[in-house]
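Just below is one structure, and these are the notes that go with it.
The values are calculated or read from the model by the stated rules, or taken from the named source; none is laboratory data. Being a predicted model, the structure only gives us computed values, none of them experimental. Ideal geometry is used to build each Cβ from the backbone, glycine not excepted, and the neighbour counts take in all protein chains shown.
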Amino acid sequence: MTKQLYDVIGIGVGPFNLGLAALLDQTELTGAFFDETPKFEWHPGMLIENMDLQVPFLADLATLADPKSPYTFMNYLYEHDRMFPFYFHKHFKVPRQEYNHYLQWVANQLSGLYFGHLIVDVIDHKQADPSYYEVIALEEETGEEESYFSRHVVLGTGSAPNILEGMEGLPKKDVVHTSRYLFEKENLLDSKNVTVVGSGQSGLEVFLDLFEEKRRNDMKLTLLSRTGGLFQLDQAKFAQEFFTPEYVDYFHALSFEQRQKNLETLGSLRKGIDPETLSRLYTHLYHKTAGGEDAQVVINPMTEVTSIEKNNSGYLLTCEQWQEGQSFTYQTDKVILATGYKPHIPSWFIDRYQDEIEWEDEKSYRVSRDYQLVFKDDRNHHFFTLTNLVHSHGAGATNLGLSVHRNVHIINSIAKKTIYKNQKASAFQTFSMKDFS
């Protein structure tokens, strides 16, 4: 091996690995990061105007580990002459479009980010001295493959749209996952009957955006949700402490069965809707119906869509109101799937490492507290993961604020010393009896 041996290679460049690259840039450790997309874009299909992140601006790429970093959101505001507008705005949350621009600003400053490169394999050279991983990248513009070498690897391939069974292969202009909403928005606004299936944050944002901007008086908007209602995100102070390092410590130490039960109790923290979004929707409905006007809106909770069928009039949805046990059909022109996401695990990973690592069940690999995949053999070259962590690290696995905490763990583990300190005593509550006194 004559090429450079990096300390770490990151697979995927989303906010999590971008944050790792930003923190790594201020150390002596070396790294390279690869993504198949041609440039950095954060959820381009959901950058809806007047929609904010659900976390405060301090949950940027660096502040919670290094407030003096040049890659903080506050420095972004300073460099873009937006300090005073942000100060006068008096809003703790960041608009989605501005957050995307901030991430792009950071990405453009960092070296070692390779876009347009698809990772097709990672080979484990565990018998070498020192042991290392060979990461094979396909440069999509040239079609050529090249090998890169690293002591450690971080899997940050994120998630993929979760499409309901039987809905694959339908025309994308008619059956749209929320991840592609803005690409099809004009087409949707020209439609007479649009149905949103699902009621998470993304679903409500899309529903609200269409409602506020609809052009046709005869346009009917329908929301079908299998949840018991449109419940808001729990933003109480003590509830938010479930997104602290202390709680991650507690959650990770539980058995797999206990962790699964624990997740069921945190629904309002994991799947609730931002109160401001709900308030906006309700206010708009109230004004729209003033004087007896028909808002042309249907909102049905407790309704599961079980199948979809294309016909001459559009699409026929088969539904069940599960609490009453009543089935019915519903005709619509367009369908928006607000059905969330599932972990994106590359096929090469399963082919190469499925039998090499430990699993907690058939879909959940075992992950150490510092985000290492647990291999069946002892090793000092580690494979970290930022993907598919809810089962091992709890409801905060996808939380942007805790992503910095994750990256601190990974960097310190790679360096074998404390480069960035972990925040301690960050919760007033005590979760474990071993800490109770």
Worksheet item: Looking at T329, is it in contact with a strand residue (DSSP E or B) (Cβ under 7 Å, 6 or more places away or on another chain), part of a loop (DSSP other than H, G, I, E, B) and either among the β-branched types (V, I, T) or under 30 Å from G166 (Cα atoms) (or both)?
Response: no
Worksheet entry | Complete set of residues in segment 144-171 that are within 20 Å of G116 (Cα to Cα), surrounded by 18 or more Cβ atoms within 10 Å (Cβ to Cβ) and within 25 Å of the chain's Cα centre (by Cα) | V153, V154, L155, G156, T157, G158
Item to complete: Please find, among E145, E141, the residue that is without any contact (Cβ under 8 Å) to a residue 40 or more places away in the chain, among the charged types (D, E, K, R) and not in a strand (DSSP E or B).
Response: E141
Worksheet item: Before we move on, is N380 in a helix (DSSP H, G or I), under 28 Å from T27 (Cβ atoms) and in contact (Cβ under 8 Å) with a residue 12 or more places away in the chain?
Response: no
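To keep it simple, each residue is scored yes or no on (1) among the β-branched types (V, I, T); (2) within 21 Å of E241 (Cβ to Cβ); (3) in contact (Cβ under 8 Å) with a residue 24 or more places away in the chain.
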| residue | (1), (2), (3) |
| --- | --- |
| E362 | no, no, no |
| R369 | no, yes, yes |
| F375 | no, no, no |
| T387 | yes, no, yes |
| N399 | no, yes, yes |
| K424 | no, yes, yes |
Discussion item. Against the conditions (1) free of Cβ contacts under 8 Å to residues at least 12 places away in the same chain; (2) touching a helix residue (DSSP H, G or I) at 6+ places or on another chain (Cβ under 9 Å); (3) not acidic (D, E), where does Y78 fall short? Just the number, please.
Written reply: (2)
Worksheet entry | Any chance L373 is aliphatic (A, V, I, L, M), assigned by TED's automatic domain parsing to the domain that holds L18 and buried (at least 20 other Cβ atoms within 10 Å of the Cβ) | no
Discussion item. Give me the helices (runs of 4 or more DSSP H) completely within segment 15-133, filtered to those with at least 3 residues that are buried (at least 17 other Cβ atoms within 10 Å of the Cβ) and under 21 Å from the mean Cα position of the chain (by Cα), ordered by residue number.
Written reply: 15-24, 96-109
